């Protein structure tokens, strides 16, 4: 059979590799800044752009979409060409993909620091960037599918199955969760409200972890671990079970983020059941990866690349065991809203994603530059410093999380709560310090890697176009009786893609659609009314400042929570919340029943200087809210958008909303004046106070 000669494109791989290194350093540095701000709030220098509420989403987006995202594309562009024996479908598409993805990252960082956010975790980017992400994902998919179709290798290796599942599922998740009503170029409201928004968001949020941080990295594991170890994957049959079971089960697990909330019990139970089932396929993949190294442990001791891979796969196993355990209601009652969850997430992020990426970089750069790694000693140093960093990061937060939960729940013999919420905050300082040390070590390890790879690049010679040859694909092949039954689907990429999409869509449809169609899932409450225009403006300021990153708005049905915060939350309370603001972490107390607890002057002083009202508070001050004016001109557009979303403002209310807003603002300014505080009614602080004073008022009105 005649061999066809062609060339692999290493230029695009190099570009994504460089971007992975750069954004990794940026994302880790942003994380360290956020960690230090929990110890020393003054780190933000009282600037609006550097508060924890704005830096934290920059960190999460930079690590997920910039560092891990570029790492995915680096590995996919390298492995896909070699697994398919074909150059990428179109070099121009590759370049468009690269440069537009970097543009998205820059736009994300700038807009989030400016407070342009949807307020939905891991999906904070506003609608113009969401559209750009969709278009770039189509470019990536077009290039990948085109390469698969023109391949010279008949059977699709397991890594490509995971790439295909990632392609279709991320597209589905992103589009469904990003449906929103634009108010202006950088402002929108989620199409969904309250319970429905929460369910869609965590269906997306959990499966962003599943299909952006997990499935593509499993595909990369299936390619790079055997390559680095020079051994075949342990079990082909196990990889089949791993793939199909994982993509079908994973999509159902999202509601385990919403246990003991206002989400219907049946949805919570489905999330728990499928989360527990996830252990089997997840550990099947971990076992397949680790057993690939059987007989190669002597090489592991010498080779830094394999060390990183071993710890990465082990961290994947740890995280995918802990995740289902945290979905058990008895465990979730302890862990949720605490720093335990932060530790859990970072075992996966630092161990699984970070270490696998480091291993790929250490393997790829010398190969593409036709040289040896500059220093194995530095690589091993990076490995041990990074491993120590993970331990120092995660272990104190596990301890801290359990401590937080026990303190929140503890009662005195007389039946009173033993601890004020602020007591738990002050107890966290040593644990936050240890976390910051661990993060610093991890970042130092990444800096060492960067130096090592730069020296490697300088001593090598880059091979931009790598010669290859393979026979053309025979189109009339009908299979062999001895072929494994799964070979049929492996030879049909379009059918594989469609089947993958159907399997992942089933869970989403069966969990989400009933909550929209069956009214009994969200019983209405007559006393719950739409936000006034001033409260709506205040809510948008609350979202802009990232308050949801530290405060929840969901009182769970526990004695300790109802004693501390008030009556437990109900589904009907949130029908006008676009988006929902339940939060996922309590660095500060829950605010669901905040309205009326304190006078307006308390909130004014608290935002000006939190320690004046709450000594030892780690909340930053917000002096700009006292000076900046409310964007009155946006009121009409916001009311119209809410009306389009079904919020029952009277017809034509947008024309008188500004007048109503002014009346309420004058009233709050008058209340402040009575307490000796002079402020104009057009300041943002007035709008924020109106929103905070509204929280929980509707439920109190119902009880009267």
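Here is a yes/no grid of residues against (1) touching a residue at least 24 places away in the same chain (Cβ under 8 Å); (2) in contact with a strand residue (DSSP E or B) (Cβ under 9 Å, 6 or more places away or on another chain); (3) farther than 30 Å from residue 633 by Cβ; (4) surrounded by 12 or more Cβ atoms within 10 Å (Cβ to Cβ):
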{"position": "470", "(1), (2), (3), (4)": "yes, yes, yes, yes"}
{"position": "486", "(1), (2), (3), (4)": "yes, no, yes, yes"}
{"position": "490", "(1), (2), (3), (4)": "yes, no, yes, yes"}
{"position": "500", "(1), (2), (3), (4)": "yes, no, yes, yes"}
{"position": "519", "(1), (2), (3), (4)": "no, no, yes, no"}
{"position": "525", "(1), (2), (3), (4)": "yes, no, yes, yes"}
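A quick yes/no check of all residues on (1) surrounded by fewer than 19 Cβ atoms within 10 Å (Cβ to Cβ); (2) within 21 Å of the chain's Cα centre (by Cα); (3) not in a loop (DSSP other than H, G, I, E, B):
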residue: 281; (1), (2), (3): no, no, yes
residue: 290; (1), (2), (3): yes, no, yes
residue: 305; (1), (2), (3): no, no, yes
residue: 325; (1), (2), (3): yes, yes, yes
residue: 388; (1), (2), (3): yes, no, yes
residue: 398; (1), (2), (3): no, yes, yes
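One residue alone among 513, 506 is under 24 Å from residue 196 (Cβ atoms), free of Cβ contacts under 8 Å to residues at least 60 places away in the same chain and either in a helix (DSSP H, G or I) or within 32 Å of the chain's Cα centre (by Cα) (or both), and that residue is 513. Screening the stretch 174-188 for residues that are in a helix (DSSP H, G or I) and under 15 Å from the mean Cα position of the chain (by Cα) and picking the one that is nearest to residue 634 (Cα to Cα) gives 177.
Here is a check on your reading of the model: is residue 48 within 29 Å of residue 181 (Cβ to Cβ), over 21 Å from the mean Cα position of the chain (by Cα) and in the same structural domain as residue 368 (by TED's automatic domain parsing)? The answer is yes for residue 48.
Does the stretch 345-361 contain at least one residue that is farther than 25 Å from residue 291 by Cα, at pLDDT 95 or above and crowded, with 21+ Cβ neighbours inside 10 Å? No, the conditions are met nowhere in the stretch 345-361.
For the stretch 560-578, which positions are in contact (Cβ under 8 Å) with a residue 12 or more places away in the chain and either within 21 Å of residue 56 (Cα to Cα) or not in a loop (DSSP other than H, G, I, E, B) (or both)?
Within the stretch 560-578, 560, 561, 563, 564, 565, 571, 572, 573, 574 meet the criteria.
Applying the criterion of being modelled with pLDDT under 95 and part of a helix (DSSP H, G or I) to the residues of the stretch 675-704, the residue that is farthest from residue 635 (Cα to Cα) is 703.
No other residue among 379, 394 is in contact with a helix residue (DSSP H, G or I) (Cβ under 6 Å, 6 or more places away or on another chain) and over 30 Å from residue 462 (Cα atoms) apart from 394. Taking the stretch 424-478 as the range and being within 30 Å of residue 59 (Cα to Cα) and in a loop (DSSP other than H, G, I, E, B) as the test, only 428 passes.
Residue 596 meets all of the listed conditions (1) more than 27 Å from residue 43 (Cβ to Cβ); (2) over 31 Å from the mean Cα position of the chain (by Cα); (3) assigned to a helix (DSSP H, G or I) but one, namely (3). For residue 168, state whether it is within 30 Å of residue 85 (Cβ to Cβ) and either at pLDDT 95 or above or surrounded by 19 or more Cβ atoms within 10 Å (Cβ to Cβ) (or both). So residue 168 passes the test. The residues of the stretch 638-661 that are surrounded by 14 or more Cβ atoms within 10 Å (Cβ to Cβ) and touching a helix residue (DSSP H, G or I) at 6+ places or on another chain (Cβ under 8 Å), listed by number, are 638, 639, 640, 642, 643, 649, 653, 654, 657, 658, 660, 661. Would you say residue 696 is at positive phi and surrounded by fewer than 17 Cβ atoms within 10 Å (Cβ to Cβ)? No, not satisfied.
The values are calculated or read from the model by the stated rules, or taken from the named source; none is laboratory data. Remember, it's a predicted structure, so these values are computed and weren't measured experimentally. All Cβ positions, even for glycine, are placed from backbone atoms using ideal geometry, and neighbour counts span all protein chains on display.
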